[in-house]
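As structure tokens, the structure follows; a few thoughts come after it.
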Amino acid sequence: MKFGFYTPNFGFCGDARVLAELAHEAEEAGWDGFFIWDHLQVIEPAVDPWIALAAMALSTRRIRLGPLVTPVPRRHIAKLAREVTSLDRLSNGRLIVGVGAGFPQLTDYAAFGDHGGARARAAKLDEGLDLLAALWSGEPVSHRGEHFRVECPPFAPPVQRPRPPIWVAAAWPANRPLARAARWDGVVPLGGLGLEVAPSELPAIVATVRDQRTSDAPFDVTQFGVTRDPGDTRTVAAAAEAGATWWIDYVYAGGGSLAATRQRLRQGPPRL
């Protein structure tokens, strides 16, 4: 199992310099990954996640980085493709791309003109992921779909081939999001209101994805949770036994502080 840390991109983490410092401290303390939210406006200040991730990449050498998750239906697809390629090159191949359909019930999704029912957003996410893979292939792209139209010569590809790993958010117990995740490189299981699922639910999630996988390539399963210190491992061990490959500690801007976040990071990841 690998161990990551997860923070908002707003509130006391709404500053690219702060996030770069935290990523550096996480790397020094032995964490394997550092991930951030992708929201436009929840609590001020807020920082663009891609600018923050660029600062984080420059302050680290080993740790994996990425957004968990970026709502693909809200993004300009060519700009997102360029951002991912640029960041993967800047980090020398350390980017993980978390993606989802977005939560329109959150004020920052609808406040800037983004909309769409669940089916429409899911369809746009599926088409967008296929198009992103094409744009990262190093080949010319000619695409005319329901949601996107692209005609372009080859983009220079990312460092990671055939692309950076794609982790797909999937609301449990719905089957279609898990089927979508099974086509890519990892799943970010979410329960009600976007909260983490219980470790007891992971075996069913892992089995469902395994039944739909058509590739023997490695596949990641994340589990979010909160540990008090490196020895607080009961839930972590249960998640590992259930099939999780990444444990990701988290902090919420409304329920923590920068000082507490630094303290937990410096203690290091759970020790199984």
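Is the stretch 1-150 rounded, prolate or oblate when judged by the Cα gyration tensor, a ≥ b ≥ c being the square roots of its eigenvalues, rounded requiring a/c under 1.5 and prolate requiring a/b larger than b/c? Oblate, because a/c is 1.5 or more while a/b does not exceed b/c. Values of log10 I(q)/I(0) for the chain across q = 0.13, 0.16 Å⁻¹ run -0.85, -1.34, by the Debye formula with one identical scatterer at each alpha carbon and no solvent.
In percent, rounded to a whole number, the relative contact order of the stretch 59-157 is 26, using alpha-carbon pairs under 8 Å and six or more apart. In angstrom, the C-alpha Rg and Dmax of the stretch 1-65 are 11.0, 34. For the stretch 1-130, the relative contact order comes to 23 percent (Cα pairs under 8 Å, sequence separation of at least 6). Taking the fewest neighbouring Cβ atoms within 10 Å as the starting point, the ordered list for 39, 24 is 24, 39.
The Rg/Rh ratio of the stretch 164-272, with both radii computed over alpha carbons and Rh defined as the Kirkwood radius, is 1.00.
Fully extending the segment from residue 228 to residue 200 would add 8.0 nm, taking 0.36 nm per residue of separation and subtracting the current Cα-Cα distance.
What is the stretch 2-267's relative contact order, in percent, from Cα pairs under 8 angstrom and six or more apart in sequence? Numbers along the way, then the final one.
Values: 518 pairs, mean separation 49.5, N = 266.
With pairs under 8 Å counted, the relative contact order is 19 percent.
For the options 97, 47, 226, a Gaussian network treatment of the chain with springs between C-alpha atoms closer than 10 Å singles out 226 as fluctuating the most.
Summing Lys and Arg as +1 and Asp and Glu as -1 over all other residues whose Cβ lies under 14 Å from the Cβ of residue 40 gives a net charge of -3.
What trypsin sites (Lys or Arg not before Pro) does the stretch 59-92 have in DSSP loop regions with at most 13 other beta carbons within 10 Å?
In loop regions of the stretch 59-92 (DSSP not H, G, I, E or B), the sparsely surrounded trypsin sites (Lys or Arg not before Pro) are 61, 62.
Quick check on the stretch 149-207: take the gyration tensor over C-alpha atoms, sort the square-rooted eigenvalues as a ≥ b ≥ c, and tell me if it's rounded (a/c under 1.5), prolate or oblate. Prolate is the answer for the stretch 149-207, as a/c is 1.5 or above and a/b outweighs b/c.
Taking every DSSP beta bridge that has both ends in the chain, the antiparallel portion is near 15%. Legend: calculated FRET efficiency, residue 267 to residue 51, from the Cβ-Cβ distance at R0 = 41 Å, rounded to 0.05, equals 0.90.
Throughout, read-outs are computed from the coordinates displayed, never taken from laboratory work. Please read all numbers here as calculations on a predicted model, not as lab measurements. Cβ atoms come from the backbone with ideal geometry, glycine included; neighbour counts cover every protein chain shown.
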